[in-house]
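Note sheet for the following structure.
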Amino acid sequence: MQTSEPRRQPLETPRAAGVAGIVFALLLAAAMVLIRLGIPQGADAVVAQRPDPAQRSAVHAALLLVPFAGICFLWFAGAVRAHVGEGEDRFLATVFLGSGLVFTATMFGAAAAATAVFDTAHPAGTSPSRPVWDFGQHLAYTLMTGYAMRMAAVFTCSTSVIGHRLGILPRWLTVLGLLATVALLFVSSAVPWAELVFPAWSLLISVHIVAESFRRATGSRAGVR
């Protein structure tokens, strides 16, 4: 006699994964706002003068938030993929995962470059030399606004296209995703504060995923009764 092994039930995506997207959006938005407040004119501001202590404190606080934002983003990406389900296209799924991972790595690289500049201060308390300061600030800004935001645009576009093809995202959210893609691709590197489009879109997607998870849980309980 052949004994049939008990069938394993697939693991359900924890609702906290969707909530992590909300946390990611808030942390990333806070980091971006602090950086813009710390260096209002972007990387070119350091050519004229270095930030004062209050501005440096704002940038330091932003850099402390970036690692936690990256961790929450990975949970957010997993929640989006779980929301898509089994019907995802392999090509778009590869683009989705690849852009998300490259975005996280680039964001960490930008934060590491900025942190390195602050950590090169001499024991006496003097600031790093002008060439070191300028190079580090320009490198951090280029990684964040020039590369990370474009990877965020690819992530946004692939998510919106997948959601539209499978019908799991409302039309208005798909249109907003495509508009956010255009803004992140062509506007974020030139217009200050335009990078906030990505955390705003991520917040909307996360709220939608959490709302859908509650709706499914309510429907399943009603079906059992």
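The values are calculated or read from the model by the stated rules, or taken from the named source; none is laboratory data. Model, not experiment: these values are computed from the prediction. When we count neighbours, we look across all protein chains shown, and the Cβ atoms used for this are built from the backbone with ideal geometry, even at glycine.
Looking across the range 149-198, the residues that are farther than 23 Å from Arg36 by Cα and small (Gly, Ala, Ser) come down to Ser158, Ser160, Gly163, Gly167, Gly177. Taking the criterion of being in contact (Cβ under 8 Å) with a residue 24 or more places away in the chain, in contact with a Ser or Thr (Cβ under 9 Å, 6 or more places away or on another chain) and in a helix (DSSP H, G or I), the residues of the range 160-177 that qualify are Val161, Gly163, Leu173, Leu176, Gly177.
Within the range 183-202, the set of residues being assigned to a helix (DSSP H, G or I) and either within 11 Å of Ala152 (Cα to Cα) or under 16 Å from the mean Cα position of the chain (by Cα) (or both) comprises Ala183, Leu184, Leu185, Ala194, Glu195, Leu196, Val197, Phe198, Pro199, Ala200, Trp201, Ser202.
Restricting attention to the range 90-109, does a residue exist that is buried (at least 16 other Cβ atoms within 10 Å of the Cβ), over 18 Å from the mean Cα position of the chain (by Cα) and touching a residue at least 60 places away in the same chain (Cβ under 8 Å)? It would help to see each step written out before you state the result.
Quick first cut of the range 90-109, residues buried (at least 16 other Cβ atoms within 10 Å of the Cβ) only: 92, 95-96, 99-100, 102-104, 106-109.
After this cut, where a residue has to be over 18 Å from the mean Cα position of the chain (by Cα) as well, the list is 92.
The next check asks that each one be touching a residue at least 60 places away in the same chain (Cβ under 8 Å); those that pass are 92.
Yes: one or more hits.
Please state which one of Leu196, Leu178 is out of contact with any Pro (no Cβ under 8 Å at 6 or more places or on another chain), under 19 Å from Phe96 (Cβ atoms) and modelled with pLDDT of 90 or more.
On the way: Leu196 fails: under 19 Å from Phe96 (Cβ atoms).
When all the criteria are applied, what remains is Leu178.
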